[in-house]
Amino acid sequence: MGSVYSARPPVLLVEDNDGDADLITELLNEAPADSQRQVIRVVRLADAVATLRDLHVEAVLLDLRLPDGSGVECIEALRRKAEDVPIVVLTGLEDDQIAISCVAAGAQDYLSKQDVQARTLTRAIDYAVVRAHEAEVRMRAQQLQARSSELELENQRILEASRLKSQFLANMSHELR
């Protein structure tokens with residue numbers, strides 16, 4: 001089991017309820033060997049932010065009711081610290097509006113604790129990681145496209161300057177003759 005954990009970074013579980021944290025950890029341990037994950041648990045939002053500063057994690061499983069934060073502000077705080085880390089909201093709140101707000105704030109998925117199962121949880125983490133990677137690839141492609149456009153514009157300026165220089169030299173040569 002240790003080699004499975006060493007193959008991927010740990011998952012950060014941000015959960016203040018001991019029973020829920022134990023259940024989520026147990027569900028992750030029930031997953032097939034190739035889907036099991038090491039779990040690092042913190043209880044407070046501030047501890048999650050500090051952990052993200054100090055440690056690379058595969059994903060964050062985030063409760064929305066914490067002693068020092070609640071709702072979408074939890075996602076926003078994590079996004080400010082680690083904009084590329086996938087976030088799966090795992091909460092007891094079953095509210096479609098909150099779910100939409102969470103995804104709009106940067107969460108990749110929103111799961112209800114009441115309905116979660118081992119397979120659902122591991123699949124949500126896997127999909128969140130893939131979606132975050134795809135978003136990063138899209139962003140880099142956009143950056144490359146923008147840089148390519150800048151270089152094309154600069155190349156056109158250089159060609160125009162070269163053409164003007166050649167024209168000036170031809171005129172000067174003609175005048176000197």
For the chain, what size does the Cα cloud have along each of its three principal axes, sorted from largest down, in whole Å?
95, 37, 28
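Order 62-70, 135-143 from most to least packed using the mean count of other Cβ atoms within 10 Å. Walk me through the intermediate numbers first.
Values: 62-70: 18.7, 135-143: 11.0.
By packing density, highest mean first, the sequence is 62-70, 135-143.
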Please report how far the C-alpha centroid of the range 27-71 lies from that of the range 117-131, rounded to the nearest whole angstrom.
14 Å
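Helix-only estimate, please: 222 nm mean residue ellipticity of the chain, summing -39500 (n - 2.57) across DSSP H runs of length 4 or more and dividing by its residues, to the nearest 500.
Numbers: 6 runs with 107 residues, N = 177.
Estimated from H runs of four or more residues: -20500 deg cm²/dmol.
When ranked by the protection proxy of mean other Cβ atoms within 10 Å per residue, highest first, what sequence do the peptides 152-165, 120-133 form? Can you show the working numbers first?
On the way: 152-165: 10.0, 120-133: 17.1.
Ranking, from highest mean packing down: 120-133, 152-165.
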Of A48, A146, A59, the most mobile residue in a GNM of the chain (C-alpha springs, cutoff 10 Å) is A146
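Quick one: if you take sqrt(5λ) for each eigenvalue of the C-alpha gyration tensor of the range 23-114, what semi-axes come out, biggest first, whole angstrom? If you can, show how the numbers build up before the last one.
Values: eigenvalues 77, 58, 30 Å².
Taking √(5λ) for each eigenvalue gives 20, 17, 12 Å, largest first.
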Give me the one-decimal nm value for the distance between modelled label points at L159 and R80, 7 Å along each residue's Cα-to-Cβ direction.
4.7 nm
The chain: angle of helix 118-176 to the longest principal axis, Cα-based, in degrees nearest 10:
10 degrees
Positive-end extreme of charge dipole, the chain - chosen from A7, L66, N29 (charges on Cβ)
A7
Largest-first ranking of I98, I75 by accessible area, probe 1.4 Å, whole protein assembly kept, is I98, I75
Angle check, please: helix 72-81 long axis (alpha carbons) against the longest principal axis of the chain (alpha carbons), in degrees 0 to 90, nearest 10.
50 degrees
Simple spin-label estimate for A46 and V103 in nanometres, 7 Å along Cα-Cβ
3.4 nm
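Can you put S35, S101 in order of accessible area, largest first, using a 1.4 Å probe?
Numbers: S35 20, S101 50 Å².
Ranked from most to least accessible, the order is S101, S35.
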Roughly how tilted is helix 18-30, in degrees to the nearest 10 and between 0 and 90, from the longest Cα axis of the chain?
70 degrees
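The values are calculated or read from the model by the stated rules, or taken from the named source; none is laboratory data. Keep in mind it's a predicted model, so treat the numbers as computed, not measured. Cβ sites come from the backbone with ideal geometry, for glycine too, and all protein chains shown count toward neighbours. We work out accessible area using only protein heavy atoms, side chains counted, and drop any ligands, DNA or RNA first. Shrake-Rupley method; radii C 1.70, N 1.55, O 1.52, S 1.80 Å.
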